[in-house]
1. Quick one: in the range 46-74, of everything that is surrounded by fewer than 11 Cβ atoms within 10 Å (Cβ to Cβ) and of a type in the set (Gly, Ala, Ser), which residue is modelled with the highest pLDDT?
2. Pairs only if they're at least six apart or on different chains, beta carbon under 6 angstrom, first in the range 98-115 and within 13 Å of ARG80 (Cβ to Cβ), second assigned to a helix (DSSP H, G or I); list them, first residue then second.
3. Determine if the range 91-112 includes at least one residue that is modelled with pLDDT under 80, among the hydrophobic types (A, V, I, L, M, F, W, C) and in a helix (DSSP H, G or I).
4. Just to verify a result, which residue in the range 75-90, among those that are in a helix (DSSP H, G or I) and either acidic (Asp, Glu) or without any contact (Cβ under 8 Å) to a residue 24 or more places away in the chain (or both), is surrounded by the fewest Cβ atoms within 10 Å (Cβ to Cβ)?
5. Please specify each residue of the range 113-148 satisfying the condition of being outside any helix (DSSP H, G or I) and aromatic (Phe, Trp, Tyr).
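The values are calculated or read from the model by the stated rules, or taken from the named source; none is laboratory data. As the structure is a computational prediction, the values presented were derived from the model and not from experiment. Every residue, glycine as well, gets a Cβ built from its backbone with ideal geometry; the counts of neighbours run over all protein chains shown.
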Amino acid sequence: MNAGAERMMAVSNNISGSQQEAPVAPTASVPTGPIASSGPASGTPPRTAPAAAPVASGLRITATLLRTAFIFVLMALVMRVAQPQSETIWSAYETPGDLIRLWLGVGVCIWLVWQLFEGPKDAHGYRTWLYLGVTALPFAVLCLFLTW
C-alpha cells in the first residue's frame with residue numbers, strides 16, 4: 001500500500017472507532033497574523049484598506065473638463081430631442097406624446113445636472129472619464145450637430 005492509501009485507512013479507522021480513543025487536548029499555540037491580531041477579541045480596531053493614492057492634478061483637471069463638456073453636450077442633445085414637435089413649448093399639452101417626451105427630457109436633464117456634482121471618487125474613475133471623454137465627446141458633438 002502506498003502512503004496516501006494508508007492515511008485514508010487511518011482516517012476511516014479513526015472515524016469508525018472514535019468512541020474508543022481518548023480525546024486529544026487542543027494545542028496552546030496562539031495564531032498570529034492579520035486576522036488574529038485585529039478585531040474585537042484583541043481590543044484593537046480592524047485594519048482597513050490603505051488610503052487611495054492621490055490623483056495627479058493633470059489627470060484630474062483633464063478628466064473633469066472632458067466629463068463636464070460631455071455632460072453639457074448630452075444635456076443640450078436631450079433638450080433638443082425633448083422639445084415638442086409643435087410650434088411652441090406651450091402646445092406640448094395638445095398631444096400626449098409631446099408631453100411625455102417633454103417631461104422625460106426634463107427628468108433626464110435634472111439627473112444630468114445631479115451628475116455634474118457627483119464626481120469620480122478615485123484615480124480609476126478619473127482615468128475612465130479621461131478615456132470616455134476622448135472617445136465619446138466627439139461622437140456626442142457630432143450627434144448634437146446632426147440633430148440640430
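1. Here the residue is GLY58.
2. Final answer for the pair search is ARG101/ALA82; LEU102/ALA82; LEU102/ALA92; GLY105/VAL78; GLY105/ALA82; VAL108/VAL78; CYS109/MET75; CYS109/VAL78.
3. Yes: one or more hits.
4. Only one residue tops the list, namely TRP90.
5. Across the range 113-148, the qualifying residue is only TRP148.
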